[in-house]
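Colleague: Okay, handing you the structure first.
The values are calculated or read from the model by the stated rules, or taken from the named source; none is laboratory data. Only a predicted model underlies this, so the values are computations on that prediction, with no experimental measurement involved. These area figures cover heavy atoms from the full protein model, side chains too; ligands, DNA and RNA do not enter into them. Shrake-Rupley method; radii C 1.70, N 1.55, O 1.52, S 1.80 Å.
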Amino acid sequence: MTDSAEITKQAKSNLAFALQILPKERRDGMVTFYAFCRVVDDLADDPDRPIDEREESLKAWKKGLEEGFLNPVPLQQEVVDLMARYSIPVHLLTAIIDGCLMDLRPQRFGTWEDLSQYTYKVACAVGLASLKVFGATDPASERYAVALGHALQLTNILRDVGEDLSNGVRIYLPLADMARFQYTERDLIGRVYDGRFMALMAFEAERTEAYYREAIELMPKSDAKALVPAEIMRSIYQTLLEKMKRDHFKVFHQRYRLSKARKMGIFSKHLLRLGSAA
């Protein structure tokens, strides 16, 4: 088993689940790409390594991608080969690393416009690179990937509010949105769960839903087959968002998940659609 395959197997993520529908060559390519994303994300979050050391490792990855690795480890060589095979622009992978570098030190985002620059790097760039491996060719698919990337990352942010507080007091909710509902940073750190918090989260959910709708509207029919894995991801995360909404966002004390059976149902639905369209 390659390094990337082992990393992906260990992760048990929703993306790894969605990739099962791809032809083997493209699935192998996405396994490599997912492993890259997982490794750089884990580098940023590793609590057992000093921040300066993590930053140095991430910058070494970035320099290697831009200038070439002197002595690449197996995964680095796999990523270089992947970029060449599918013509993935290097700036997309370095954008992902830049997003991980932003996570090294807790920061605050004043507005959605500020936060969107972060979500573009850690999610939209992932989607844009994935298009190459999926085999999507319609230019409209790029706009789809950007809208979906924002939606997926916002869903993650809403789900992980409590976990992010525990992990270095990270706050991704825009401060301007918090002020709109008179909910303070101190309230959030104190995990104050009241009407203000629920209204804030509902507001963020509305923004997220708007991006899901935009992605659906933008998806070109010519790339429908290539984008099935992305659509599986959309369905899983949109269902997760609906689950949080119904439960009034009790994110301080639980992590919302979908059961494997629920995800299999979503997978099967898209598989049937793929078969009927063939």
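Colleague: Out of every Cα pair in the chain, what percent are spaced more than 34 Å from each other?
Modeller: Details: 7258 of 38503 pairs.
Value for the chain: 19 percent of Cα pairs lie more than 34 Å apart.
Colleague: For the stretch 24-114, what is the accessible area per residue in Å² when the probe is 1.4 Å?
Modeller: Numbers: 4620 Å² over 91 residues.
Ligands and nucleic acids excluded, the figure is 51 Å² per residue.
Colleague: Right, another one. Once you sort the root eigenvalues of the Cα gyration tensor of the stretch 170-278 as a ≥ b ≥ c, which label holds: rounded (a/c under 1.5), prolate (a/b larger than b/c) or oblate (the other case)?
Modeller: prolate
Colleague: As an exercise, take the mean of 1/r over every pair of distinct alpha carbons in the stretch 134-203, invert it, and state the Kirkwood radius in angstroms. Intermediate results must be reported in sequence, preceding the final value.
Modeller: Details: mean 1/r = 0.0725 Å⁻¹.
For the stretch 134-203, inverting the mean 1/r across all distinct Cα pairs yields 13.8 Å.
Colleague: Once the convex hull of the alpha carbons of the stretch 109-228 is built, what does its volume come to per residue, in cubic angstrom? It would help to have the intermediate numbers written out before the result.
Modeller: Numbers: hull volume 12.1 nm³, N = 120.
Residue-normalised Cα hull volume stands at 100 Å³.
Colleague: Taking LYS221 as the anchor, which lysines have their alpha carbon closer than 29 Å to its alpha carbon, excluding any fewer than eight residues away along the same chain?
Modeller: List returned: LYS24, LYS121, LYS132, LYS243, LYS260, LYS263, LYS269.
Colleague: Determine the equivalent ellipsoid of the stretch 24-178 by diagonalising the alpha-carbon gyration tensor, then write out the semi-axes as square roots of 5 times the eigenvalues, largest first, rounded to whole Å.
Modeller: On the way: eigenvalues 136, 87, 30 Å².
So the equivalent ellipsoid measures 26, 21, 12 Å along its semi-axes.
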